[in-house]
Amino acid sequence: MGLAIIAVIIGLAILVWSADTFIDGATSLAVRFNMPSFLIGVIILGIGTSAPELVVSALAALAGSPDIALGNAYGSNIINITLVLGVTALISPIIIRSDVIRYDLMLLIATTALAAIQLADGSLSLIDGVVLVVALVAVLMIQIFLSLRGNKDKVELPEELAAKQQINVLKSFGTLILGLSLLIASSRAIVWGAVELATLWGMSELLIGLTIVAIGTSLPELVASVAAARRGEHDMALGNVIGSNLFNTLGVVGLAAIIKPMQNIDPLILSRDMVMVGLVTLILFILAIIAFRRQGEMKHGSGVVLILTFIFYSVWLAKSAL
């Protein structure tokens, strides 16, 4: 137990530092190549910070633990929207643009519906996994097209810093890789320690996947979004969550199903957890519309609503476990 506690504490410390390093590298590359910050959030931050979910779910599928694989992916989606965006909105307003509502959030709703339809029969076949991965490729291509075509803000830095970053492309890329590697390694240490503790406390695999593993693998999204918001990169913070949820739903679950098709999936995953994924996605969509029609920003009120939703889900989980 002592080693597990040490892994969690040291992992958290490294996680916080590596998030700033990761954001430094991402911002520098965005400036160098004149890329929209939202696209950086979706592609680099969104997929990059979802690496822990991918690793954990793939290993869980190989080990014949579909409840952990799915609980990790869908639990992370719930936490990304409620806790990650909730905390981020409390720290700094999240700018909402019309194209995010019309395209990005609609894509997220569509992929969530696809996942629910596939789970309706209580299993995920090899074909289901392939469909999800192909859908991921299509969604990413759409995201890239929309971001490059649209008017989403480019990342801006002071002239002197921007000029310096243009010269140090390799250094910026190295910083990005270092930060991401440490994010993944530290999150894995936290998840390992937490699962060890949870097992000692007698928690079920599904509950471990939905709570400790999901929160642990969502820590990169949380610290990356908060770090981006503190630096004024609001598009990057929102893109991180949307990209991560798209990748979790399509890539993480799809790859897990391809590795090992899943039969006899716990009915609670569909009746409770997928319902909650759909609910929080709709809540985000509604909050985004309200924010856009008012001042174009999700502020403290939205953050409170999202965090209260997270608390509601946590209570629901606790009651289900009794």
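The values are calculated or read from the model by the stated rules, or taken from the named source; none is laboratory data. Model, not experiment: these values are computed from the prediction. Reconstructed Cβ throughout: ideal geometry from the backbone, glycine too, with neighbour counts over all protein chains shown.
Please determine, by comparing only the residues of region 163-175 that are modelled with pLDDT of 75 or more and among the hydrophobic types (A, V, I, L, M, F, W, C), which one is nearest to S28 (Cα to Cα). It comes out as F173.
Taken together, the criteria place P261 among residues that are under 30 Å from V137 (Cβ atoms) and either at pLDDT below 90 or in contact with a strand residue (DSSP E or B) (Cβ under 7 Å, 6 or more places away or on another chain) (or both). Taking residues in region 86-114 that are in contact (Cβ under 8 Å) with a residue 60 or more places away in the chain and assigned to a helix (DSSP H, G or I), and partners anywhere that are charged (D, E, K, R) and surrounded by fewer than 22 Cβ atoms within 10 Å (Cβ to Cβ), the pairs with Cβ atoms closer than 8 Å and at least 6 places apart or on different chains are A89/K299; I91/R230. Just one of the listed residues (V277, V305) is of a type in the set (V, I, T), assigned to a helix (DSSP H, G or I) and farther than 16 Å from I215 by Cα, and it is V305.
In region 115-127, the qualifying residues are those that are in contact (Cβ under 8 Å) with a residue 60 or more places away in the chain and hydrophobic (A, V, I, L, M, F, W, C), and the one that is farthest from H300 (Cα to Cα) is L126. Taking region 242-274 as the range and being surrounded by fewer than 24 Cβ atoms within 10 Å (Cβ to Cβ) and of a type in the set (D, E, K, R) as the test, the residues that pass are K260, D266, R272. Cβ separations smaller than 8 Å between residues 6+ apart or across chains give the following pairs from region 128-139 residues that are acidic (D, E) to residues that are assigned to a helix (DSSP H, G or I): D128/Q118; D128/G254; D128/A257. Of all the residues in region 87-104, those that are buried (at least 21 other Cβ atoms within 10 Å of the Cβ) and either under 15 Å from the mean Cα position of the chain (by Cα) or within 24 Å of V315 (Cβ to Cβ) (or both) number 3.
Among the residues of region 301-320, the ones that are over 14 Å from I78 (Cβ atoms) and touching a Ser or Thr at 6+ places or on another chain (Cβ under 7 Å) come to 0 in all. Restricting attention to region 77-112, the residues being in contact with a Leu (Cβ under 9 Å, 6 or more places away or on another chain) and small (G, A, S) number 2. Looking only at region 284-313, residues that are buried (at least 17 other Cβ atoms within 10 Å of the Cβ) and of a type outside the set (F, W, Y) come to 11 in all.
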